[in-house]
Amino acid sequence: MKIALSHGFRWFLLACGAGLASPALAIYVFNTVEYPGAVYTDVRGVNNSGQLVGYANFDGTTNFSFTYSGGVFTPLTASPLQPSALGLNDGGTVVGGTITTPEQAYIYSGGSYGFFSRPTWTHSEARAVNNAGRVAGWSYELDGVGGYSASAGFIYDPASHSFTDIPIAGSTFTIAQGINAAGQVVGSARVASGEQAFLRQPGGSITMFTVAGSPTRARGINDLGLITGFVTSGAAIHGFVGDSLGYELLDMPGAAGTYGEGINNAGQVSGVWYDATDNAHGFIATPAAMPTGTTSGGAYTFAVDVVPNVPIFIDPKVAVGYDYAIGKKDPRIASVQFPIGVGDNYYVLKVDGRKFVVAGGEWFDFRAHGWRKGVADFRVGCIDTSAMLDPANAQAFPTGLTFVAAGRFTGTQKPRTRKSTARLGPACRMDDNLGEDDD
């Protein structure tokens, strides 16, 4: 699996009101996510547990839907209606629509589908689901010549089987997609002035906005109100992320187009990017703190303010393993997450002589494994060399950390480059010493 890294960023204000100030800048790094063996991968959703949902194909024509969890890509249960997976919540419930006509929305849980359609509409599609089970989506009518004669967004409550309309005055095409825990919904509408994004509050009020005055589509919103989507600027398509204070463009390096589709509470964005030959690739973009320098021994240094149980991500150059350690008076580390999209998505974590196999995207909680007060240091190894990483190349390896207390992380991350640390498969996971003799 290939990895790309972008340290470039541009901020601009939400084009819907007055007097907005730019927030602190984030630096997003990208990991490409490919379904194994597929020629096309589209990642639509990412939840707070590091699970993904999307669709892929092996032949360029026939799509199938999948989930990613714990290092494993799993196709959704087959159905004659050919469901397309478009969103998921923290419980692993998946929503989407069928490829067959008329399109039906569905909720997929426990290996079973529950199909539904919005009354009086021919076609319905679910786009996102929050942890309370409420679904955002849209319904539409076709005009018979390849377009739409009518469309409208909705919120669906499966407990009461009720629909709430999301009307956009003057819109000729409306789609609702992201929904968060508070019930805020984002989407886009085509109005007289062009394509605009919208944010619907739980009470029903709607704010329309564009990014830098360009055609804008909002596609995901997290529980903190951070929004992602994409914007058209001439012939270019850029992803974006931000809130009412300001937005940042997201561009996979070398991509012909970058589309933000989902966002979790850590600010990680899922989506799809297209290369110059129009092939689609999934991605995860992670807001990462960059090193402030290096020690005489070659370890990267950091300086990041932290609060308990809120993730930060740090991103140095990639090696085949790392040693992590907190600085003097730093709060201890509560949990760690390694990235999705690096080789086989499996790593070996070593702490105090114990080893654990950890899948990319999973949060490993040290406290749940016997370190009640967190840990001061640990090691990761077995980073898959099939990912074509080189310690001399600045590739993305965003590592998530949470801490047991508030304070400042001034610790280090030291690359491990001894080739034996890169042995793959069960031998690496069971027997490798992760470079203890490499000091």
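Can you run down the residue pairs with Cβ atoms below 7 Å, 6 or more apart or on separate chains, where the first is in the range 207-236 and surrounded by fewer than 16 Cβ atoms within 10 Å (Cβ to Cβ) and the partner is part of a strand (DSSP E or B)?
Cβ pairs passing all conditions: T207/F198; T207/L199; G225/D243; S233/S214.
Please work out which residue is surrounded by the fewest Cβ atoms within 10 Å (Cβ to Cβ), limiting yourself to the range 127-148 and to residues that are charged (D, E, K, R) and within 21 Å of P83 (Cα to Cα). Please lay out each step first, then the result.
Here is the first cut: in the range 127-148, the residues charged (D, E, K, R) are 127, 134, 141, 143.
Still in the running and within 21 Å of P83 (Cα to Cα): 127, 134, 141.
On the way: R127: 29, R134: 20, E141: 15.
Out of the qualifying residues, it is E141.
What are the residues in the range 90-129 that are among the hydroxyl-bearing types (S, T, Y), in a loop (DSSP other than H, G, I, E, B) and more than 18 Å from E141 (Cβ to Cβ), if any? Write out each step before concluding.
Residues of the range 90-129 among the hydroxyl-bearing types (S, T, Y): 93, 98, 100-101, 106, 108-109, 112-113, 117, 120, 122, 124.
Next, only the ones that are in a loop (DSSP other than H, G, I, E, B) stay: 93, 100-101, 117, 120, 122.
T93 - this is the single residue of the range 90-129 that is among the hydroxyl-bearing types (S, T, Y), in a loop (DSSP other than H, G, I, E, B) and more than 18 Å from E141 (Cβ to Cβ).
Can you say whether T122 is under 23 Å from G96 (Cβ atoms), among the β-branched types (V, I, T) and without any contact (Cβ under 8 Å) to a residue 24 or more places away in the chain, as far as the supplied structure shows? Give the steps one after another, and end with the answer.
Working: under 23 Å from G96 (Cβ atoms): yes; among the β-branched types (V, I, T): yes; without any contact (Cβ under 8 Å) to a residue 24 or more places away in the chain: yes.
It is true that T122 is under 23 Å from G96 (Cβ atoms), among the β-branched types (V, I, T) and without any contact (Cβ under 8 Å) to a residue 24 or more places away in the chain.
Report yes if S117 is crowded, with 19+ Cβ neighbours inside 10 Å and either on the phi > 0 side of the Ramachandran plot or touching a Pro at 6+ places or on another chain (Cβ under 9 Å) (or both), otherwise no. Don't jump to the end; show me each part of the working.
Numbers: crowded, with 19+ Cβ neighbours inside 10 Å: no; either on the phi > 0 side of the Ramachandran plot or touching a Pro at 6+ places or on another chain (Cβ under 9 Å) (or both): yes.
So S117 does not fit the description; no.
Quick test for you: out of A289, A276, pick the one residue that is small (G, A, S), modelled with pLDDT under 95 and closer than 19 Å to P415 by Cα. Don't jump to the end; show me each part of the working.
Details: A276 fails: closer than 19 Å to P415 by Cα.
It is A289.
Return the residue satisfying two criteria in turn: it lies in the range 197-216 and is closer than 21 Å to I237 by Cα and more than 23 Å from the chain's Cα centre (by Cα), and of such residues it is modelled with the lowest pLDDT.
The extreme case among them is A212.
Just give me the residues in the range 405-426 being hydrophobic (A, V, I, L, M, F, W, C), modelled with pLDDT under 95 and either assigned to a loop (DSSP other than H, G, I, E, B) or within 26 Å of the chain's Cα centre (by Cα) (or both), in sequence order. Let's see the steps before the verdict.
Step one: filter the range 405-426 for residues hydrophobic (A, V, I, L, M, F, W, C), giving 405-406, 409, 422, 424.
Right, trim to modelled with pLDDT under 95 and you get 422, 424.
The one that is hydrophobic (A, V, I, L, M, F, W, C), modelled with pLDDT under 95 and either assigned to a loop (DSSP other than H, G, I, E, B) or within 26 Å of the chain's Cα centre (by Cα) (or both): L424.
Residue check: is T74 under 29 Å from S149 (Cα atoms) and exposed (fewer than 13 other Cβ atoms within 10 Å of the Cβ)? Give the steps one after another, and end with the answer.
On the way: under 29 Å from S149 (Cα atoms): no; exposed (fewer than 13 other Cβ atoms within 10 Å of the Cβ): yes.
In short, no.
Can you tell me which of S151, S171, S124 is in contact with a Phe, Trp or Tyr (Cβ under 6 Å, 6 or more places away or on another chain), buried (at least 17 other Cβ atoms within 10 Å of the Cβ), of a type outside the set (D, E, K, R) and over 20 Å from D243 (Cα atoms)? Step through it out loud before you land on a result.
Values: S171 fails: in contact with a Phe, Trp or Tyr (Cβ under 6 Å, 6 or more places away or on another chain); S124 fails: in contact with a Phe, Trp or Tyr (Cβ under 6 Å, 6 or more places away or on another chain).
S151 is the lone residue from the list that is in contact with a Phe, Trp or Tyr (Cβ under 6 Å, 6 or more places away or on another chain), buried (at least 17 other Cβ atoms within 10 Å of the Cβ), of a type outside the set (D, E, K, R) and over 20 Å from D243 (Cα atoms).
Which residue out of T74, T32, T41 is in a strand (DSSP E or B) and free of Cβ contacts under 8 Å to residues at least 12 places away in the same chain?
Working: T32 fails: free of Cβ contacts under 8 Å to residues at least 12 places away in the same chain; T41 fails: free of Cβ contacts under 8 Å to residues at least 12 places away in the same chain.
Within the list T74, T32, T41, the selection yields T74.
Looking at the range 279-359, what strands (runs of 3 or more DSSP E) fall wholly within it and have at least 1 residues that are more than 21 Å from H369 (Cβ to Cβ), in contact (Cβ under 8 Å) with a residue 24 or more places away in the chain and not aromatic (F, W, Y)?
On the way: elements: 280-287, 304-306, 312-314, 321-325, 333-337, 346-351, 354-359.
The qualifying strands (runs of 3 or more DSSP E) are 280-287, 304-306, 312-314.
Just to be sure, is G271 modelled with pLDDT of 95 or more, touching a Phe, Trp or Tyr at 6+ places or on another chain (Cβ under 6 Å) and surrounded by 24 or more Cβ atoms within 10 Å (Cβ to Cβ)?
So G271 fits the description; yes.
The values are calculated or read from the model by the stated rules, or taken from the named source; none is laboratory data. Quick caveat, the model's predicted, so the values are computed rather than measured. Please note: Cβ atoms are built from the backbone with ideal geometry, for glycine as well, and neighbour counts cover all protein chains shown.
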